[in-house]
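One structure below.
The values are calculated or read from the model by the stated rules, or taken from the named source; none is laboratory data. Remember, predicted model here, so these are calculated numbers, not experimental data. Ideal geometry is used to build each Cβ from the backbone, glycine not excepted, and the neighbour counts take in all protein chains shown.
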Amino acid sequence: MTNSRPNILSSLVVFDNYNIRRHYDQATEVWLFAVVDIIAVLIDEKDHQRARKYWNKLAQRLKEEGSQSVTSCHRLKMRARDGKFYSTDAASIETLLRIIQVVPSKKAEPIKLWLARVGNERIQEMSDPSLSVDRARRNWKKHGRSEKWIQQRMMGQETRNKLTDYWSQHRVRVGEEFAILTNIIHEEWSDLSVKDHKQLKGIKSQNLRDHMSEAELIFTALAELSTRQIAESIQSEGLEQNKLPAQKGGRIARDARLALEHKTGKRVITGENFLPPFNTKRLPKGGK
């Protein structure tokens, strides 16, 4: 089983704030996960270089012991944090379960259960994409979001996806370059960087959009919609050329935000969030 270049079925899943790369092999209908990403979780190591060294030593030991776990891995090109593609060991859930057994970790059992669940859910979602949408909606409802907020969040995500699709197709690299452009758009429309907006809301590892009010979601979507349409009109390529549409798109939403604030006398940007009730700045269920 080989793969010289990742396709649209290669993406990320998240376990305990760790990004785990995976690839769906259509020929065998099996999910393959980056082994070093699973190792990072097991040894609780955010430094990928250290996790890679740990896996290299473990792989050598398993080979010497005659284990089939290493030979069952596949070398796939997966996107790294710098946006470039590198060959890395990837393994099926079955192989990963054998590897997990030899790594002393308190996270062994939780990640075994997670792998089994994620593998099953994702396979179902490949044949019926509406399942992932339904799952997201259930999770948001479980955390107290109103139907109106959920609708706006999902519409905003679709707008975001169309923008990132454009970037991917026009030589903007996933990872750092996506983050740079996203921050330009956000700072232009809100007068805050993404980092500063999260600090205002008192959140750290959480997704900023999941803690936005309905109005914040709407203006974020307007900024990203405007950015994409401007970029498409001039066919901007690469990071540098896409900075201008990002600035202009963000300013369009900023002008609209200022106009609304002038009419209502209320600020759109809020420090409120959807953290548990003990947080005194919690948003109401409607997200307004």
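Hey, which of the helices (runs of 4 or more DSSP H) in region 20-102, taking only ones fully inside, have at least 2 residues that are under 20 Å from residue 114 (Cβ atoms) and modelled with pLDDT under 90? Walk me through how you get there before you give the answer.
Numbers: elements: 35-42, 48-64, 93-101.
Output list reads 93-101.
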Which residue out of 52, 61, 75, 81 is out of contact with any Pro (no Cβ under 6 Å at 6 or more places or on another chain), buried (at least 16 other Cβ atoms within 10 Å of the Cβ) and among the basic types (Lys, Arg)? 52
Flag for residue 233 being buried (at least 22 other Cβ atoms within 10 Å of the Cβ) and more than 27 Å from residue 18 (Cα to Cα): no
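Collect the residues in region 246-278 that are in a loop (DSSP other than H, G, I, E, B) and in contact with a strand residue (DSSP E or B) (Cβ under 7 Å, 6 or more places away or on another chain), keeping them in residue-number order. Let's see the steps before the verdict.
Quick first cut of region 246-278, residues in a loop (DSSP other than H, G, I, E, B) only: 265-272, 274-278.
Of everything in region 246-278, those that are in a loop (DSSP other than H, G, I, E, B) and in contact with a strand residue (DSSP E or B) (Cβ under 7 Å, 6 or more places away or on another chain) turn out to be 272, 274, 275.
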Among 257, 251, 267, the single one that is of a type in the set (D, E, K, R) and over 27 Å from residue 145 (Cβ atoms) is 251
So residue 209 passes all but one of these: (1) farther than 20 Å from residue 178 by Cα; (2) basic (Lys, Arg); (3) at pLDDT below 95. Which condition number does it fail? (1)
State whether one or more residues within region 167-175 are under 30 Å from residue 264 (Cα atoms), at pLDDT 90 or above and buried (at least 18 other Cβ atoms within 10 Å of the Cβ). no
Name the single residue that is surrounded by the fewest Cβ atoms within 10 Å (Cβ to Cβ) among those in region 191-230 being of a type in the set (Asp, Glu) and free of Cβ contacts under 8 Å to residues at least 60 places away in the same chain. 196
Between a first residue in region 46-58 that is free of Cβ contacts under 8 Å to residues at least 24 places away in the same chain and a second residue that is surrounded by 13 or more Cβ atoms within 10 Å (Cβ to Cβ) and of a type in the set (Lys, Arg), which pairs have beta carbons less than 8 Å apart while being 6 or more apart in sequence or on different chains? none
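Going by the conditions given, is residue 218 touching a Pro at 6+ places or on another chain (Cβ under 6 Å) and part of a helix (DSSP H, G or I)?
Numbers: touching a Pro at 6+ places or on another chain (Cβ under 6 Å): no; part of a helix (DSSP H, G or I): yes.
Here the answer is no, as residue 218 does not meet what is asked.
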Inside region 236-280, can you point out the residues that are small (Gly, Ala, Ser), without any contact (Cβ under 8 Å) to a residue 24 or more places away in the chain and either surrounded by 10 or more Cβ atoms within 10 Å (Cβ to Cβ) or in contact with a Pro (Cβ under 8 Å, 6 or more places away or on another chain) (or both)? 259
Kindly check whether there is at least one residue in region 159-178 that is out of contact with any helix residue (DSSP H, G or I) (no Cβ under 6 Å at 6 or more places or on another chain), over 22 Å from residue 241 (Cβ atoms), outside any helix (DSSP H, G or I) and not hydrophobic (A, V, I, L, M, F, W, C). no
